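Read through the structure below, which is laid out as structure tokens, and then see the notes.
The values are calculated or read from the model by the stated rules, or taken from the named source; none is laboratory data. Everything numeric here is computed off the predicted structure, so don't read it as measured data. Every residue, glycine as well, gets a Cβ built from its backbone with ideal geometry; the counts of neighbours run over all protein chains shown.
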Amino acid sequence: MSDITKQSLSELVENIKSKKLSSSEVTKAFVERSEKSKELNAYITEDYANALNKAKNFDKKPNLDLKLPGIPMAVKDLFCTRDLRTTAGSKILNNFVPTYESTVTQNIWNEGAILIGKLNCDEFAMGSSNETSFFGNVQNPIDQNLVPGGSSGGSSSAVAAQLTPITIGTDTGGSIRQPASFTGTVGLKPTYGSCSRYGIVAFASSLDQAGPMAQNVKDCALLQEVISTYDEKDSTSIDFKRNEYSKELTKDIKGKKIGIPKEYRVDGMSKEIEELWKKGIEYAKDCGAEIIDISLPHTNYALPTYYIVAPAEASSNLARYDGVKYGFRAEGENLIDMYEKTRSEGFGAEVQRRIMIGTYVLSSGYYDAYYLKAQKVRKLIKNDFDEAYKKVDVILTPSTPSSAFKIGEKTNDPVSMYLNDIFTVPVNLAGLPGISIPAGHDAKGYPLGLQIIGKAFDEQNILNIAYAMEEKINFKNNITDWWLK
Amino acid sequence: MSIDLKTIKHISKLSRISVDEKKAEKLAGDLNSIFDFIEKLNELKTDNVEPLTSVAETTLKLRSDEVKSKNLRDQVIKNSPKENEDYFVVPKVIE
């Protein structure tokens, strides 16, 4: 079969289970396409030879009862993978080889999948365009010199370009949903506590969640089913009854109540996004859902809150990179000098900026004015959602305020870069699940996404609504393979 | 509000990140524009609001105090930048 990489995850699983394809054939196809796609810079570390060996071994004694039998998969380089370099897109972890495996990736390998490589991302997941990576920016397969979104930019690029059938990213303020929206793919940020954070390089621990990024909703549901497990190694992992998301997936969403928050009509939102949102509402109605206007009055305060909470937690999490235990070290005249030089040379500009913001808002005399204030506003934002969910089942919004922008367009203005996450950040602050699905194109032909936000632990409902709407939308990605060598 | 160079130097010391003059000036500019944006929160009255520290509304689970991982010394020091069989090595601290 010559069109292996064009198949969805679900198709590949079916073809391997029915022995129409072997794991070796599938793995080879994705490895070959990845090798021809270096121009995209989606990978930080490739593990092709090992992957092909693992596939061969799988085929010798295939266990076809697994959920991801012999499926090759590249993952964001924020997940620790045993014996394979894990960099978090940073110079400071350039030579770090974990001696343990993250729970989420372990769950994936336990179901038979095979690691083919580690995907590029913004440094420590801090960015919205993948331009803060020490390993260079990533190309969006949609068009040349277009950002793939961030921070899971290597992941979104790799799925859209079919270098991997599916992947995982992490989402602290939109890092799965925004890149999915920019590349015409599907990205799910699960409820906080749904997927274990064990073995994921930490950015902001009260917000970070891992989640699937896929070509379609069904694939996304299948991977969510695999990665969402209770884990005692993560003290914030939550023990709740998890659905078999892909089996319980249904397009019957008749009578579901969908909320439309008026505060998401932000100043300067483009006509195209407004139109997309209206179309989304029509699609939802066509599926039999009921549309209800709601209010989330503190929406405008979400980004300022996020830019206190996330850097504060980051400054604390990143204190561990000191050149002593692992990672890059710069020599210094004494211990303090060594710390300061290591961190100054090892971290990039955006990470240093956020550590400084975080250190400042936590420092003596400013804690109450900033950090405590932000935690209180965070409560108000969560209360808004709690109120809204008394009236509706899910909330429908655009995923981003614009389509993908050009590389370099926003790098000199941090605040304009941060505004990219205006529709996704409130969801992280409230710990809710959200999914971005491709829903249309702008005038330039770039993809645009819609976001469906659910109640806590109600991934099934947002997956169902996404599944039903996906059929109505019938989105097609315009990908020309311009980068292939 | 305005963050001056002296404050930047102070934060850089607390952050253990060395900055030269040029970098300090760039950071002051960036941080000021970011804090202008953050100041928006002061529009809200929050005197009687409980701060939200965790969205996971569960109490932490207790577990028995058992050793589960053993003999990890080699793994723990494997990625150390300065190799020594038994220790992490740092520049001399005591003269």
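The table below lists the values:
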{"item": "Flag for A:N137 being in a loop (DSSP other than H, G, I, E, B), buried (at least 21 other Cβ atoms within 10 Å of the Cβ), touching a Cys at 6+ places or on another chain (Cβ under 7 Å) and among the polar types (S, T, N, Q)", "result": "no"}
{"item": "Candidate set from segment A:180-199 (those that are more than 13 Å from the chain's Cα centre (by Cα) and over 18 Å from A:A302 (Cα atoms)); member that is surrounded by the most Cβ atoms within 10 Å (Cβ to Cβ)", "result": "A:G184"}
{"item": "Unique match (being without any contact (Cβ under 8 Å) to a residue 40 or more places away in the chain and within 21 Å of A:A369 (Cβ to Cβ)) among B:D47, B:D74", "result": "B:D47"}
{"item": "Pick from segment A:282-309, criterion of a type in the set (A, V, I, L, M, F, W, C) and more than 21 Å from A:Q178 (Cβ to Cβ), ranking: farthest from the other protein chains (Cβ to nearest Cβ)", "result": "A:C287"}
{"item": "Among residues of segment A:419-435, those that are under 23 Å from B:I38 (Cα atoms), in contact with a Lys or Arg (Cβ under 7 Å, 6 or more places away or on another chain) and away from chain B (no Cβ under 13 Å), counted", "result": "1"}
{"item": "Selection within segment A:279-302 - of a type outside the set (D, E), in a helix (DSSP H, G or I) and surrounded by fewer than 23 Cβ atoms within 10 Å (Cβ to Cβ)", "result": "A:K279, A:I281, A:Y283, A:K285, A:T299, A:N300, A:Y301"}
{"item": "Single residue of A:T132, A:T99, A:T105 found to be under 19 Å from A:L222 (Cβ atoms) and either in a helix (DSSP H, G or I) or within 14 Å of chain B (Cβ to nearest Cβ) (or both)", "result": "A:T105"}
{"item": "Residues that are at the interface with another protein chain (Cβ under 9 Å from one of its Cβ atoms), aliphatic (A, V, I, L, M) and crowded, with 19+ Cβ neighbours inside 10 Å, drawn from segment A:371-418", "result": "A:A374, A:V377, A:I381"}
{"item": "The lone exception for A:A42 - which of (1) of a type in the set (G, A, S); (2) free of Cβ contacts under 8 Å to residues at least 60 places away in the same chain; (3) out of contact with any Asp or Glu (no Cβ under 7 Å at 6 or more places or on another chain) it fails", "result": "(2)"}
{"item": "Tally of residues being facing chain A (nearest Cβ under 10 Å), over 26 Å from A:N334 (Cα atoms) and of a type in the set (D, E, K, R) across segment B:46-95", "result": "7"}
{"item": "B:I8 being surrounded by 15 or more Cβ atoms within 10 Å (Cβ to Cβ), at pLDDT 90 or above, more than 7 Å from chain A (Cβ to nearest Cβ) and outside any helix (DSSP H, G or I)", "result": "no"}
{"item": "Residue within segment A:20-30 that is farther than 20 Å from A:V159 by Cα, touching a residue at least 40 places away in the same chain (Cβ under 8 Å) and not in a helix (DSSP H, G or I) present", "result": "yes"}
{"item": "Residue check, A:K485 over 30 Å from A:G255 (Cβ atoms) and either among the polar types (S, T, N, Q) or more than 14 Å from every other protein chain (Cβ to nearest Cβ) (or both)", "result": "yes"}
{"item": "Any chance A:D77 is within 25 Å of A:D481 (Cβ to Cβ) and modelled with pLDDT under 95", "result": "no"}
{"item": "Filter result (surrounded by 16 or more Cβ atoms within 10 Å (Cβ to Cβ), part of a helix (DSSP H, G or I) and within 8 Å of another protein chain (Cβ to nearest Cβ)) within segment B:15-34", "result": "B:S15, B:L27, B:D30, B:L31, B:I34"}
{"item": "Identity of the residue in segment A:47-63, without any contact (Cβ under 8 Å) to a residue 60 or more places away in the chain and surrounded by 20 or more Cβ atoms within 10 Å (Cβ to Cβ), that ends up nearest to A:A29 (Cα to Cα)", "result": "A:A55"}
{"item": "A:L119 vs. criteria touching a residue at least 24 places away in the same chain (Cβ under 8 Å) and out of contact with any Ser or Thr (no Cβ under 6 Å at 6 or more places or on another chain)", "result": "no"}
{"item": "Matching residues in segment A:428-485 - criterion: being over 26 Å from A:Y389 (Cα atoms), among the hydroxyl-bearing types (S, T, Y) and either crowded, with 24+ Cβ neighbours inside 10 Å or modelled with pLDDT of 95 or more (or both)", "result": "A:Y446"}
{"item": "Any chance A:R329 is crowded, with 20+ Cβ neighbours inside 10 Å, assigned to a helix (DSSP H, G or I) and modelled with pLDDT of 95 or more", "result": "no"}
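Here is a yes/no grid of residues against (1) part of a loop (DSSP other than H, G, I, E, B); (2) at pLDDT 95 or above; (3) surrounded by 10 or more Cβ atoms within 10 Å (Cβ to Cβ):
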| position | (1), (2), (3) |
| --- | --- |
| B:E39 | no, no, yes |
| B:V55 | yes, no, yes |
| B:D74 | no, no, no |
| B:K82 | yes, no, yes |
| B:Y87 | yes, no, yes |
| B:V90 | yes, no, yes |
| B:E95 | yes, no, no |
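Here's the yes/no breakdown for (1) closer than 12 Å to A:G117 by Cβ; (2) not charged (D, E, K, R):
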residue	(1), (2)
A:S8	no, yes
A:V13	no, yes
A:K20	no, no
A:V26	no, yes
A:A29	no, yes
A:E35	yes, no
A:Y43	yes, yes
A:D47	yes, no
A:F58	no, yes
